[in-house]
1. In deg cm²/dmol and to the nearest 500, what is the mean residue ellipticity at 222 nm of the chain if only DSSP H runs of at least 4 residues count, each as -39500 (n - 2.57), divided by the residue total?
2. Compute the distance in nm between two label points, each set 7 Å from the Cα along the Cα-to-Cβ direction, one at Val140 and one at Asp124.
3. With a 1.4 Å probe and all protein chains in place, put His55, His148 in order of accessible area, largest first.
4. Which of Ala63, Gly18, Val140 sits closest to the plus end of the dipole of the chain, meaning its Cα is farthest towards the positive end, when Lys and Arg get +1 and Asp and Glu get -1 on the C-beta?
5. When the dipole is taken about the Cα centre of the range 1-65, and only Lys, Arg (+1) and Asp, Glu (-1) are charged at their Cβ, what size is it in debye, to the nearest 20?
6. Can you compute the FRET efficiency between Arg152 and Glu239 using 1/(1 + (r/R0)^6), with r the Cβ-Cβ distance and R0 = 22 Å? Round to the nearest 0.05.
7. Mind ordering 93-100, 17-24, 124-131 by average Cβ neighbours within 10 Å, highest first?
8. Taking the convex hull of the Cα atoms, report for the range 51-95 its projected area averaged over all directions, in nm².
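The values are calculated or read from the model by the stated rules, or taken from the named source; none is laboratory data. Quantities reported herein were computed from a predicted structural model and do not represent experimental measurements. Positions of Cβ are backbone-derived with ideal geometry, glycine not excepted, and every protein chain shown enters the neighbour counts. In case anyone asks, the SASA skips ligands and DNA or RNA and just uses the protein heavy atoms, side chains included. Shrake-Rupley method; radii C 1.70, N 1.55, O 1.52, S 1.80 Å.
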Amino acid sequence: MKEVPSIVIGVAKRPKEGISESGDTVELVERPRGGFSVILVDGQGSGAAAKRTSHHIVNRAAALIAEGARDGAVVRAVHDALYALRDGRVSATLTLLSVDVEAETLLVSQGGSVPVVLKVTDEDTMHVLEGTERPLGVHVRVRPKVTHLPLRRNQVVVACTDGVMQAGKRLGQPPFGPQGIADCLRQLNSGFEAQKLAETILEKAVAADMGRARDDMTVVVLGICTTASQGVVRKLYFECPF
């Protein structure tokens, strides 16, 4: 075995307390010229209607990425489709995290106000990428925010839905927000486990809501780290209670 740079992804999600189905949807897509994209969509509201909205957007985005569309164009296209389908009456937020191996770039595309937190694990610096003022689907024109970062080892990006970011706020407490995520990231080293980190952030967000999630919650962790591997085996772990 030798140490090689690897893309690691972890996802943890749960629905709003008392609701059986989450309005958040996550999808992983392989990019046609190398790399992967993670699509995270939060449909307006909770339950089955919100799920239909987010699932519809994710499917369209995944198809466009697979065809080679650029990330900014993908966000614009799914906005236009949602606006046309629901006549501007239904909103959604979208965060698209992409590792473009060919361009050696990490891209963060945001359609909506939910921020994304970035850290280089062997440095103290934390970056918060603020989103856009307008969500998808309710305005004629939406300009997504696309951040290009050089691909390097020991990077970790955390994207969440607003249920995580706003945890605690409805109880009159300071929202969990980027600060809560930053507190989790400060304990990282270069050998972190993406799935464990995603689950930890979700647990702390639910705790901020006094153990009862006031909204759908989803955490996506994407990292570039060094792992001991033969260099040819890809792994994917999935667990979904039903």
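1. Calculated mean residue ellipticity at 222 nm is -8500 deg cm²/dmol.
2. Distance between label points: 5.0 nm.
3. Values: His55 90, His148 120 Å².
Result of the area sort, largest leading: His148, His55.
4. Sorting the options by dipole projection puts first Val140.
5. 140 debye
6. Efficiency for this residue pair is about 0.15.
7. The densest-packed peptide leads the list: 93-100, 17-24, 124-131.
8. If you wrap the Cα atoms of the range 51-95 in a convex hull and average its projections, you get 2.9 nm².
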